[in-house]
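Data first, discussion second: the structure below is written as structure tokens.
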Amino acid sequence: MTSDQVAGVNPFELCKLYRFLRVVDVVDAMDGIGWFNIGLMWPEIRPLWPGMKFWGPALTIRCVPANRPMWRLDTTEEIVDAHGLWFKEVGHVGIEGLIQPGHVIVTDTGGSGEVGFWGSNNSLGAVADGAVGIITDGYCRDTGEVALQKTPICCRARGRTIIPGRIEAVEVQTRVGCGGVQVRPGDLVGCDDDGVVVVPLEIAAEVAVHARAILLADMRGRHALYERLGLPFDETVDYETVARYYEDI
């Protein structure tokens, strides 16, 4: 079964059930229904800045290493327009017009070497089009700007180089492998400071029920400990707000 064959399931609506959930709650719930070690991406794939959190249906991009180098460019103008010249010559499969509000873009880099497929400019453009997060098993560049902008990117490493001569996007909205995990268009993808998890769409509703109970039990337990220790309450122990939210949906 592929995620687009889960009849009657709207992943964008389903994401409402995940609003407050942590990655660990979801992983525990998946373990509980027998989906051990499925969906949890490599620990190296991390948010670029602390406090990042998002959930959304996957929009996938499959890339491969480029089999040809970039040719010498003769003028400053050509160097500035290196991407345009490369795409014109080699071709480019993009996601223009495919992003819906709430999408998480998952990028399989096909084992390519250091290349900043995502940077501060194109990632901000994806957010402007409605993406709530970007995941790559490769590199991100311009990371200082990405953090300053609070652009939601999780990546395996920080890079410096550009696309021409290094990587090609060859297919979109197809099944990919990213961070040791299979990801299909529409599967739910989430991130927080603990990393990235992918929830297959056919189990996402059931997982949300169990994960919600795990989260609320943890919040109540920590609320009691905060009270005992005289700690000021914060949103991570505000179980009443979270419980009311889930009662209303």
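The values are calculated or read from the model by the stated rules, or taken from the named source; none is laboratory data. Since the structure is predicted, the reported quantities are computational estimates derived from the model, not experimental observations. Cβ atoms come from the backbone with ideal geometry, glycine included; neighbour counts cover every protein chain shown.
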(Q) So, Thr174, is that one surrounded by fewer than 24 Cβ atoms within 10 Å (Cβ to Cβ), in contact with a Lys or Arg (Cβ under 7 Å, 6 or more places away or on another chain), among the β-branched types (Val, Ile, Thr) and farther than 17 Å from Pro101 by Cα or not? (A) yes
Q: Identify all residues within segment 1-47 that are surrounded by fewer than 21 Cβ atoms within 10 Å (Cβ to Cβ), at positive phi and modelled with pLDDT of 95 or more; write none if there are none.
A: Gly34
Q) From the set of residues in segment 167-186 that are touching a Pro at 6+ places or on another chain (Cβ under 7 Å) and not hydrophobic (A, V, I, L, M, F, W, C), which is farthest from Val199 (Cα to Cα)? A) Gln173
Q: Kindly list the number of the only condition in (1) assigned by TED's automatic domain parsing to the domain that holds Leu73; (2) touching a Gly at 6+ places or on another chain (Cβ under 7 Å); (3) of a type outside the set (Val, Ile, Thr); (4) in a helix (DSSP H, G or I) that fails for Cys191.
A: (4)
Q. Hey, among Met70, Met41, which residue is in contact (Cβ under 8 Å) with a residue 60 or more places away in the chain and within 16 Å of the chain's Cα centre (by Cα)?
A. Met41
Q) Considering only segment 178-199, how many residues are under 18 Å from Val64 (Cα atoms) and either without any contact (Cβ under 8 Å) to a residue 40 or more places away in the chain or in contact with a strand residue (DSSP E or B) (Cβ under 6 Å, 6 or more places away or on another chain) (or both)? A) 4
